Amino acid sequence: MKKANLIMLGAPGSGKGTRAVALCEILGIVQVSTGDLFRNNIKGGTELGRLAKSYINRGELVPDDVTAAMVKDRLSKPDTAGGFILDGFPRTLAQARALDEILGELGGEISYALYLDVPDGEIVRRISGRMICSECQAPYHREFNPPKSEGVCDKCGGKLFTREDDMPETVQKRLEVFRSTTLPLVDFYKAKGVLVEIPPELSDRGAVADMREVAEKLGLCAR
Ligand code: AP5
């Protein structure tokens, strides 16, 4: 059985968050979402939040050094020792190299980079119906994954909201940035022999069943 230190790679709205949450449930490991970390800082009114907001609302990436320092701090916390899923990091080659350094210092390595390859049309459909929990950040979709009670998170009862960067113009910009800057990471992790492509729709059984199948195939162990 292999320890699960995972990366979730994919375009905005490809389902990284949904699948990361499912894998954490299955494997008992921790989700580290840079988008959620930034949004928590924005909500908390921190200096990092103010800086991040100016990039996020334009659909641009937050600078590499700021993002890598935030991830290093998060991966240094003891709850990641049993395994983690990086959701939305790395997103540039510089971040991927920074991650190698961080893991070298902390004494770990990436087991797999899971790549969700989803067509653009499907991405726009997914993002346009997305709602997020304001408390636990769980993602929902008006059509594909609605909450049991309208506007309320099934998991924690938090209020659901639509992200500011999910406006159509900003989504187009985020997709362009993904293609030009993040997509080269597919080859980077392929060359390291850890890339696993996750088909757009494994089945109709939902994210947990899909990810259980992936975890079993890869021999990832539950804690
Ligand atoms: P981040 O929050 O990471 O956004 P993102 O990568 O653009 O990804 P999303 O959260 O939009 O989508 P997702 O792939 O998680 O999809 P989800 O599961 O929600 O980053 C936001 C911003 O922060 C960035 O633009 C950047 O500015 C900054 N940032 C973050 N990380 C950074 C970094 N490393 N460096 C620099 N800047 C950084 O699914 C989408 C919807 O589809 C949901 O409604 C879901 O319910 C639905 N859905 C999911 N799967 C399916 C399915 N199989 N079928 C139907 N519907 C589905």
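Going by the structure shown, is residue 23 in contact with a strand residue (DSSP E or B) (Cβ under 7 Å, 6 or more places away or on another chain), more than 7 Å from the ligand (Cβ to nearest atom) and more than 13 Å from residue 88 (Cα to Cα)? Before the answer, list the steps.
Values: in contact with a strand residue (DSSP E or B) (Cβ under 7 Å, 6 or more places away or on another chain): yes; more than 7 Å from the ligand (Cβ to nearest atom): yes; more than 13 Å from residue 88 (Cα to Cα): yes.
Against the criterion (in contact with a strand residue (DSSP E or B) (Cβ under 7 Å, 6 or more places away or on another chain), more than 7 Å from the ligand (Cβ to nearest atom) and more than 13 Å from residue 88 (Cα to Cα)), residue 23 qualifies.
Among the residues of the stretch 43-53, write down those that are within 10 Å of the ligand (Cβ to nearest atom) and either more than 15 Å from residue 95 (Cβ to Cβ) or modelled with pLDDT under 95 (or both). Explain how you work it out, then say what you get.
Filtering the stretch 43-53 for residues within 10 Å of the ligand (Cβ to nearest atom) gives 52-53.
Matches in the stretch 43-53: 53 only.
Would you be able to tell me the number of residues in the stretch 91-108 that are within 19 Å of residue 180 (Cα to Cα) and surrounded by fewer than 17 Cβ atoms within 10 Å (Cβ to Cβ)?
Qualifying residue count for the region: 3.
Give the stretch 180-198 a look and list any residue that's under 29 Å from residue 56 (Cβ atoms) and either of a type in the set (A, V, I, L, M, F, W, C) or without any contact (Cβ under 8 Å) to a residue 40 or more places away in the chain (or both), or say none.
Once the filter is applied, which keeps residues that are under 29 Å from residue 56 (Cβ atoms) and either of a type in the set (A, V, I, L, M, F, W, C) or without any contact (Cβ under 8 Å) to a residue 40 or more places away in the chain (or both), the stretch 180-198 yields 180, 183, 185, 186, 187, 188, 190, 194, 195, 196, 198.
Restrict the check to the stretch 99-112 and report whether at least one residue is within 10 Å of the ligand (Cβ to nearest atom) and modelled with pLDDT of 95 or more. Step through it out loud before you land on a result.
Taking the stretch 99-112 and keeping what is within 10 Å of the ligand (Cβ to nearest atom), we get 99.
Now drop any that are not modelled with pLDDT of 95 or more, which leaves 99.
Yes, that holds for at least one residue.
Please verify whether the stretch 7-20 includes one or more residues that are of a type in the set (S, T, N, Q), modelled with pLDDT under 95 and near the ligand (Cβ under 10 Å from one of its atoms).
The answer is yes, given that some residue of the stretch 7-20 is of a type in the set (S, T, N, Q), modelled with pLDDT under 95 and near the ligand (Cβ under 10 Å from one of its atoms).
Determine whether the stretch 185-196 contains at least one residue that is within 13 Å of the ligand (Cβ to nearest atom) and within 17 Å of residue 7 (Cβ to Cβ).
Of the stretch 185-196, the ones within 13 Å of the ligand (Cβ to nearest atom) are 185.
Still in the running and within 17 Å of residue 7 (Cβ to Cβ): 185.
For the stretch 185-196, residues within 13 Å of the ligand (Cβ to nearest atom) and within 17 Å of residue 7 (Cβ to Cβ): present.
The values are calculated or read from the model by the stated rules, or taken from the named source; none is laboratory data. Just so it is clear, the model here is predicted, and its values are computed rather than measured. With ideal geometry, Cβ positions are generated from the backbone for all residues, glycine too; neighbour counts draw on all protein chains shown.
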